[in-house]
Amino acid sequence: MWRGAITGLVLLVASSSLRAVAQPPPGSYDFALPSGCYIKALDDCTGEDEADATCQALGVGWSLAQPISINDRTALAASMETQRGPSLPRCTDGLYCPIIQGVADANCAFSGWLNFRSSANVLDGAIDPQAAFPPGCIGTPYYDDTYGYCVDQPSEAGVAAILYSSTSYCNSMTSGSSYTGYFAGELPFGAVMHPICCPPPPPSPPRASFYDPANDDMLNLPSSCVVRVLRNCSTFVNANASCAAAFGTGWVAAAPWSMDDILAMTGWLNSYTNDLPRYYNTSSSSFYCSSAGPVNAANNPGAERWAFWTDIRQAVNGTVRPSGRWQSVRVPNGCYLPGYNQSFGWCSGDARVASPVSTTAVYLRQNDNLCPNGGLEDFSNTINARLPVLCWRCPTTIPAICAPPPMSPPPRPPPMPPRATPDSCGEGFLFITTDDADDVGHCEGSACGMLYSSAITYAMMRVKSASTMRGILLVTGSATGTAATTFAGWRDVACRLDPRVCYQGVTTVTTGDQLLGTDITRFKLVFISSDWCATRGGITQDLGNALQLMASEFRWYLNYANGSVIALAQTCLNEPYSFLPSHLSVSNDYFPDVSFLSSAEPLGSLADDTNNDHCCFHSRINSPDGWNGLQPLAYKTGACPVPWTYFNTTTQQWVLQQCQATHLVSYATCLLPKTEDCNNGIDDNGDGLVDHDDPHCWRCGNFFLEGDEECDDGNQLPYDGCDAFCRIETGSAPPPRPRMVLSPSPPLPPNNRVLCKGVGAAMVTTLPLDGPTSGCTTPGSTCRQMMVGILSYMLNRNASLPLSILALIPGDPGSAARDAFATWVLDLPAPLDTISVTFLQDADAVGSAIFTDARVVYIPSAQTEAGGGLTDAMNAELSTRTTDLDAFVTEFGGSLIVLSQRGLQNPFEFLGLAVASRPGGAGNLTTGLELSSVSGVNITNATLPGSPLQVFTGPSQWSGLTPIVTVSNKCPQALPSYFLDTYYGVDQSCEAVLLFTDTGCIRRGLEANCTDGVDNDGNGLTDFRDPGCRRCGDGVQDGIDGEECDDGNMVDGDLCNNYCQQSRPPEPRASLATATLPFTPIATAAFTAPSFATAAFADALSSKPQAVASQPASPAQPTATTFTCPFTASAT
């Protein structure tokens, strides 16, 4: 079939890891796939015959794609749908979309060519690659030729399989994309689409000689190790011996240490075609091994699919075994593969033992209830528990850095200095000083030659840390003390040295528990304040103990992750600077003068021997030899004749370090746990090597060539011919940096610092929770408890407002809306036993209501959903009072509950929310953690009535509210999110059924689209540069908006609260004297109950309203009824 070429759009992919192709520069591609391929969309379209040539014309390495990885196919479909697809220009109508039932699909979003065709046998649901695969690639666990269709199977044989997106016809089977998948069917004659281009897939890992592809119980892992299923049962302590006995020498219990191996192994077991030794046999109701395993007969053993022993344990951090980390017992030192993460692979948070012990094992498991996708789980049952075993064996050809240790001890090395590079050097930055520079009158602001601001700038802007590391972790004793205040001043100066510093936020920890619970690898810089006795609000001994427990994490963070640490004086701590592998020897002293060495030059500060003199320095550092891999930057004046040990090339003798240092620095961290005294003529660590023949004593900058050093000029400075890693520099030095001049503070872009910081709450839902079939009034139901909990939460938010509810319920007692509300109010606990309820029963009453007469305004479901519910007239009146309602929540701290408005003419118009009908029901619901946190009830996805007939679809940012209940599989992006360094991201794409705020956040007129490059709201700002596109809870820590953290939710009570602060700010109190809301008297009827019993209060809520004698009711007056409702906690 001929398909002509027409100018339009082209999608292209290139990979630097598969061919000798240069990595595309930033901005030249749209997104990357998990395999490392780069995707780019161009404004061209082609016919099928020209697609591959169009790719090749871009240069070497470009070709039409045939991704064989499930991960790549998923990512391609999802990323095209959510990121690039919405902005693609359409190709020629009538030739662009597939033909469905004889008619071209006019609603398709995009379609693109791939190098796939449908299988000749249309019933097998497969797609066939057209280009040759690398040898062995089809046999990898990642390949699945049936995966990804947007329909169950191709409708035609031998036709092009395209990438296709359509809300009308493509209900995708691809995870992460709702309407994009792979389609094989009829195309228009002369079809033009977007070529999607990519290099060939990578080859499979090398196969060991003992791997048998015909053995279904074997899997070749990405590391080239081989795992094998042992179907015999074994205890954990006998797992290694059981593998060796069954399969021979070299086979032991599997102990993978890389995420790739863990993922491959779990995926293989999940998709295993033969019967695995199930832990429990449902047909015979018997345990395969023993009932002492993960579950017993009372714990639904039928949900257990498989469980295997491995040789993985809970990770040791010093002498502590923290929850949530695992370690392979066979991983050698230094084997940290790209992406390695000891926290990866758990079934769930519940799968981690809170307080593991030395015998706590980690096993692989799949359980339909607890671990449906398979993964790691702790095992702390009886030591006699028996399970099958996953055995493995690794070839000897694996690169040495990641090879398992040999089964027997290695031979002692020969008595000659080995020539190998130390295995723990990186490009991190470490700056240590004994100066309590953050104390009053020392180095605040730009004092001390801006030394500390320059160090912060160097750490944030010049250190080559991973792109996922952002922001600063401030470790200090008080968030408001002198130490924290001085740090904030240094950061402000750093922002003036380089404005980009300001765009990365600061997270503060003030206790040892907080620090131990923080993943430091998330941050570019860890800044540790002076201790408590040097500076007010400095770190305590509790924090010092936590730092000592995290020594191994800091070593990894600096040496491998290329992080940065700045640490000030620790004179009063029991173990100063104990996060280093060998502790520094710190002596108390008292002196005012310091001198600087040339090692301070890379910081680019103005620090010198004069501007850093102040009274007084309280300590100095004397040892160890080699300074733990650091070098002195400054010292006590007159007390540093030999800054570090070096080899005198004239005398051919080692000259020993002799220095009283006040500042140490490393621009290329090489923290080594030193076990050799380098100057005593003794083999201290028993490796057969003495003093400087031992690699533990080698270091760049000592005038002596060691290991793989190409040069050694006696320092670790760059641009002098020999760089900081002792490698010969071939390029020319950059021009001298101009003398630093502190520029005026740059104008800050708009921020959200003053918004959404209140206590007002709002819950808005399309669910008719008060409807007769909702189940939310059923005694004992979770939904009923939830509504009572939400009412209680809102009534306790703001004590400055009257303890009262305004209920916009026109229905009389006996109606569904009135009775459901009464049920929930009756259940309210003490001390809410003096609450009054005012019923507004017509539009006039709504128009004249004073919202600040109550703490909660309650709006029931529409009368079409719940009898006696809200009318169109009352809803229209609400739309005239949007300003008053907004002020009630945002300024006065009131709360708002709004239930379903399906059936009204303008549903949710007064909140500016957009809705869409789902006549057949929207489907199952996914409930966020916020609902449980607010209601105090354990809410699951099954708690709420499912398959709603109406959903929220917008606007962008949901008028300031947050979606916390969404339609399952219809919410790939709940909130807009972006990258701090580019301000590009993805807009929300979600169908929600319940929106919420408890920070007084109702906002209107926000940026309508955060990804279109258009200033939609006319404020001169586009996309995520507009503060209307940024918010707490979007998973991005917006430092400019004052966020200390952002964990992607609005749960109050976790480490990051609903204000995106680490500690909740003081609750603002509104003054009713300043209210500007209109005041119009409402005719009310008083009800006095002689008894506070349940029956009396229930009778009051269900009785007819009685008019006050002095104000007889008439048609011209609004209808409102007030009940004062004291009751006891025994009400039911």
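The values are calculated or read from the model by the stated rules, or taken from the named source; none is laboratory data. Just so you know, these numbers come straight off a predicted model, no measurement behind them. Virtual Cβ from ideal backbone geometry, glycine too; neighbours counted across all protein chains shown.
Quick notes on this one:
- The residues listed here are E891, E930; of these, the one that is acidic (D, E) and within 30 Å of G780 (Cα to Cα) is E930.
- The criterion of at least 1 residues that are modelled with pLDDT of 85 or more and either within 22 Å of the chain's Cα centre (by Cα) or under 26 Å from G471 (Cβ atoms) (or both) is met, among strands (runs of 3 or more DSSP E) falling completely within the range 943-1017, by 962-967, 992-997.
Conditions tested, residue by residue: (1) in contact with a Gly (Cβ under 6 Å, 6 or more places away or on another chain); (2) assigned to a strand (DSSP E or B).
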{"site": "A534", "(1), (2)": "no, no"}
{"site": "F554", "(1), (2)": "no, no"}
{"site": "I566", "(1), (2)": "no, yes"}
{"site": "C572", "(1), (2)": "no, no"}
{"site": "Y577", "(1), (2)": "no, no"}
{"site": "L580", "(1), (2)": "no, no"}
{"site": "L606", "(1), (2)": "yes, no"}
{"site": "T610", "(1), (2)": "no, no"}
{"site": "H614", "(1), (2)": "no, no"}
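- Within the range 852-897, if we keep just the residues that are of a type in the set (S, T, Y) and in contact with a strand residue (DSSP E or B) (Cβ under 6 Å, 6 or more places away or on another chain), the residue that is nearest to L801 (Cα to Cα) turns out to be S895.
- So D492, is it part of a helix (DSSP H, G or I), within 26 Å of N574 (Cα to Cα) and not aliphatic (A, V, I, L, M): no
- Every residue from the range 551-572 that is surrounded by fewer than 22 Cβ atoms within 10 Å (Cβ to Cβ) and under 24 Å from S619 (Cα atoms): A551, T571, C572
- Subset of the range 994-1032 [over 22 Å from G1048 (Cβ atoms) and among the β-branched types (V, I, T)]: V1014, T1022
- Test: residue in the range 794-804 that is in a helix (DSSP H, G or I) and assigned by TED's automatic domain parsing to the domain that holds S879: yes
- Residue pairs meeting the criteria (Cβ under 6 Å; at least 6 apart or on separate chains; first farther than 11 Å from S446 by Cα and assigned by TED's automatic domain parsing to the domain that holds C572, in the range 602-620; second part of a strand (DSSP E or B) and basic (K, R)): R620/K636
- Some residue of the range 1062-1078 being of a type in the set (S, T, N, Q), modelled with pLDDT of 65 or more, surrounded by 13 or more Cβ atoms within 10 Å (Cβ to Cβ) and in a loop (DSSP other than H, G, I, E, B): no
- Selection from the range 428-449 of residues that are among the aliphatic types (A, V, I, L, M), under 22 Å from D498 (Cβ atoms) and modelled with pLDDT under 90: A447
- Looking across the range 492-520, the residues that are under 21 Å from G544 (Cα atoms), β-branched (V, I, T) and buried (at least 18 other Cβ atoms within 10 Å of the Cβ) come down to V506, T507, T508, V509, T510, T518, I520.
- Enumeration of residues in the range 640-661 that are over 25 Å from L671 (Cα atoms) and either free of Cβ contacts under 8 Å to residues at least 24 places away in the same chain or crowded, with 17+ Cβ neighbours inside 10 Å (or both): T650, T651, Q652, Q653
- Among the residues of the range 884-902, those that are part of a helix (DSSP H, G or I) and either under 31 Å from the mean Cα position of the chain (by Cα) or small (G, A, S) (or both) comprise A887, V889, T890.
- If you filter the range 508-524 down to residues that are outside any loop (DSSP other than H, G, I, E, B) and farther than 19 Å from N562 by Cα, you find that the one that is farthest from the chain's Cα centre (by Cα) is G512.
- Answer residue from the range 780-790, given it is in contact with a helix residue (DSSP H, G or I) (Cβ under 6 Å, 6 or more places away or on another chain), farther than 18 Å from L925 by Cα and not small (G, A, S) and is surrounded by the fewest Cβ atoms within 10 Å (Cβ to Cβ) among those: V788
- Among the residues of the range 892-917, those that are over 15 Å from V965 (Cα atoms), in contact (Cβ under 8 Å) with a residue 40 or more places away in the chain and not aliphatic (A, V, I, L, M) comprise F892, G893, G894, S895, Q901, R902, G903, P907, F908, G912.
- Any hit, the range 439-446, residues being in a loop (DSSP other than H, G, I, E, B), polar (S, T, N, Q) and touching a helix residue (DSSP H, G or I) at 6+ places or on another chain (Cβ under 6 Å): yes
- Here G1020 meets each of (1) without any contact (Cβ under 8 Å) to a residue 12 or more places away in the chain; (2) in a helix (DSSP H, G or I) with one exception, condition (2).
- Test: residue in the range 550-563 that is polar (S, T, N, Q) and either outside the structural domain of S454 (by TED's automatic domain parsing) or in contact with a Cys (Cβ under 9 Å, 6 or more places away or on another chain) (or both): yes
- Members of the range 685-713 found to be buried (at least 17 other Cβ atoms within 10 Å of the Cβ) and either assigned to a loop (DSSP other than H, G, I, E, B) or of a type in the set (F, W, Y) (or both), listed by number: L689, V690, D694, W698, R699, C700, G701, N702, F704, E706, E709, D712
- Qualifying residue in the range 152-168 (condition: surrounded by 14 or more Cβ atoms within 10 Å (Cβ to Cβ), modelled with pLDDT under 80 and out of contact with any helix residue (DSSP H, G or I) (no Cβ under 8 Å at 6 or more places or on another chain)): no
- All positions within the range 707-722 that are out of contact with any Cys (no Cβ under 7 Å at 6 or more places or on another chain) and of a type in the set (D, E): D708, D720
- Selected residue [under 29 Å from P810 (Cβ atoms) and either of a type in the set (D, E, K, R) or assigned by TED's automatic domain parsing to the domain that holds G811 (or both)] from G893, G923, G928, G936: G893
- Qualifying residue in the range 99-108 (condition: modelled with pLDDT of 80 or more and either closer than 23 Å to K40 by Cβ or in the same structural domain as N1009 (by TED's automatic domain parsing) (or both)): yes
- Condition check for L664: under 44 Å from the mean Cα position of the chain (by Cα), of a type in the set (A, V, I, L, M) and assigned by TED's automatic domain parsing to the domain that holds I566: yes
- Qualifying residue in the range 832-839 (condition: surrounded by fewer than 22 Cβ atoms within 10 Å (Cβ to Cβ) and closer than 22 Å to S781 by Cβ): yes
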